[in-house]
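The structure appears below as C-alpha coordinates.
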Amino acid sequence: MNSGGVLTVVIADKSTIVRNGLSAVVKRMPSRMVRPVEVASIDTLLNYMLSHEPEVVVVNPMLDGLFDVE
(Lines give C-alpha, C1' and ligand atoms only; values in the text may rest on other atoms or scores of the structure.)
Protein backbone atom coordinates (compact mmCIF):
# COMPACT_ATOMS: atom_id res chain seq x y z
CA MET A 1 0.00 0.00 0.00
CA ASN A 2 1.37 3.41 -0.85
CA SER A 3 2.29 5.99 1.77
CA GLY A 4 -1.19 7.52 1.73
CA GLY A 5 -2.79 4.25 2.80
CA VAL A 6 -4.66 3.97 -0.49
CA LEU A 7 -4.77 0.64 -2.33
CA THR A 8 -4.33 1.22 -6.06
CA VAL A 9 -6.12 -1.32 -8.28
CA VAL A 10 -5.54 -1.24 -12.04
CA ILE A 11 -8.39 -2.73 -14.08
CA ALA A 12 -7.43 -3.56 -17.67
CA ASP A 13 -10.23 -4.52 -20.05
CA LYS A 14 -11.53 -3.24 -23.39
CA SER A 15 -15.11 -3.22 -22.13
CA THR A 16 -16.17 0.00 -20.44
CA ILE A 17 -18.98 -1.88 -18.72
CA VAL A 18 -16.59 -4.42 -17.19
CA ARG A 19 -14.12 -1.73 -16.08
CA ASN A 20 -16.86 0.42 -14.54
CA GLY A 21 -18.44 -2.57 -12.80
CA LEU A 22 -15.17 -3.76 -11.28
CA SER A 23 -14.31 -0.21 -10.23
CA ALA A 24 -17.65 0.09 -8.45
CA VAL A 25 -17.04 -3.19 -6.63
CA VAL A 26 -13.52 -2.34 -5.42
CA LYS A 27 -14.60 1.13 -4.29
CA ARG A 28 -17.02 -0.55 -1.89
CA MET A 29 -14.39 -2.62 -0.11
CA PRO A 30 -15.03 -2.20 3.61
CA SER A 31 -12.30 -0.65 5.73
CA ARG A 32 -10.09 0.07 2.71
CA MET A 33 -9.43 3.21 0.76
CA VAL A 34 -9.22 2.01 -2.84
CA ARG A 35 -8.31 3.98 -5.95
CA PRO A 36 -9.30 2.09 -9.10
CA VAL A 37 -7.46 2.98 -12.30
CA GLU A 38 -9.15 1.90 -15.52
CA VAL A 39 -7.18 1.17 -18.70
CA ALA A 40 -8.56 -0.04 -22.03
CA SER A 41 -5.44 -1.21 -23.88
CA ILE A 42 -2.22 -3.05 -23.27
CA ASP A 43 -0.21 0.03 -24.29
CA THR A 44 -1.96 2.15 -21.68
CA LEU A 45 -1.43 -0.58 -19.08
CA LEU A 46 2.29 -0.84 -19.84
CA ASN A 47 2.72 2.96 -19.77
CA TYR A 48 0.93 3.14 -16.42
CA MET A 49 3.03 0.31 -14.98
CA LEU A 50 6.26 2.08 -16.01
CA SER A 51 5.41 5.18 -14.00
CA HIS A 52 3.38 3.77 -11.07
CA GLU A 53 3.49 0.87 -8.67
CA PRO A 54 -0.08 -0.37 -8.16
CA GLU A 55 -0.70 -2.95 -5.47
CA VAL A 56 -3.19 -4.98 -7.57
CA VAL A 57 -3.56 -5.44 -11.34
CA VAL A 58 -6.67 -7.11 -12.77
CA VAL A 59 -6.20 -7.96 -16.45
CA ASN A 60 -8.58 -9.60 -18.88
CA PRO A 61 -6.37 -12.38 -20.32
CA MET A 62 -7.91 -11.77 -23.76
CA LEU A 63 -6.80 -8.10 -23.76
CA ASP A 64 -4.89 -7.41 -27.00
CA GLY A 65 -3.61 -10.99 -27.14
CA LEU A 66 -1.52 -10.43 -24.00
CA PHE A 67 -1.83 -14.09 -23.05
CA ASP A 68 -2.15 -17.10 -25.34
CA VAL A 69 -5.70 -18.03 -24.31
CA GLU A 70 -8.17 -19.67 -26.64
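If you run the Gaussian network model on the chain, springs between alpha carbon atoms under 10 Å, then out of Ser41, Ser51, Ser15 the most flexible one is Ser51.
Roughly speaking, to the nearest percent, how much of the chain's 1.4 Å accessible area is carbon and sulfur?
Summing carbon and sulfur atoms, their accessible area is 57 percent of the total for the chain.
Per-residue ellipticity at 222 nm from helix content only, as computed over the chain with -39500 (n - 2.57) for each DSSP H run of at least four residues, stands at -9500 deg cm²/dmol.
Charges at C-beta only: +1 for Lys and Arg, -1 for Asp and Glu. How large is the resulting dipole of the chain about its Cα centre, in Debye rounded to 20?
On the way: 6 positive and 8 negative charges, 103 e Å.
The calculated dipole for the chain is roughly 500 debye.
The phi-based Karplus calculation (6.51 cos²θ - 1.76 cosθ + 1.60; θ = phi - 60°) puts the 3J(HN,Hα) values of the range 12-20 at 10, 7, 5, 7, 4, 5, 5, 4, 5 Hz, whole numbers, x for Gly and Pro.
Just want the answer: with Cβ charges of +1 for Lys and Arg and -1 for Asp and Glu, which residue in Ile17, Met49, Val34 is farthest toward the dipole's positive end in the chain? Most positive-ward Cα: Val34. In this structure the amide hydrogen of Leu7, modeled in the peptide plane, comes within under 5 Å of the amide hydrogens of Met33, Val34, Arg35, none closer than 5 places in sequence on its chain. Residue-wise HN-Hα couplings along the range 43-51, as the Karplus relation 6.51 cos²θ - 1.76 cosθ + 1.60 with θ = phi - 60° gives them from phi, are 4, 5, 4, 5, 4, 5, 5, 6, 10 Hz; Gly and Pro carry x.
A 1.4 Å probe run over the chain, with the rest of the protein chains in place, finds 68 Å² accessible per residue.
The values are calculated or read from the model by the stated rules, or taken from the named source; none is laboratory data. Since we're looking at a predicted model, the values are computed, not measured. Virtual Cβ from ideal backbone geometry, glycine too; neighbours counted across all protein chains shown. The protein model used for the area step is the full one, side chains on, heavy atoms only, and it has no ligands, DNA or RNA in it. Shrake-Rupley method; radii C 1.70, N 1.55, O 1.52, S 1.80 Å.
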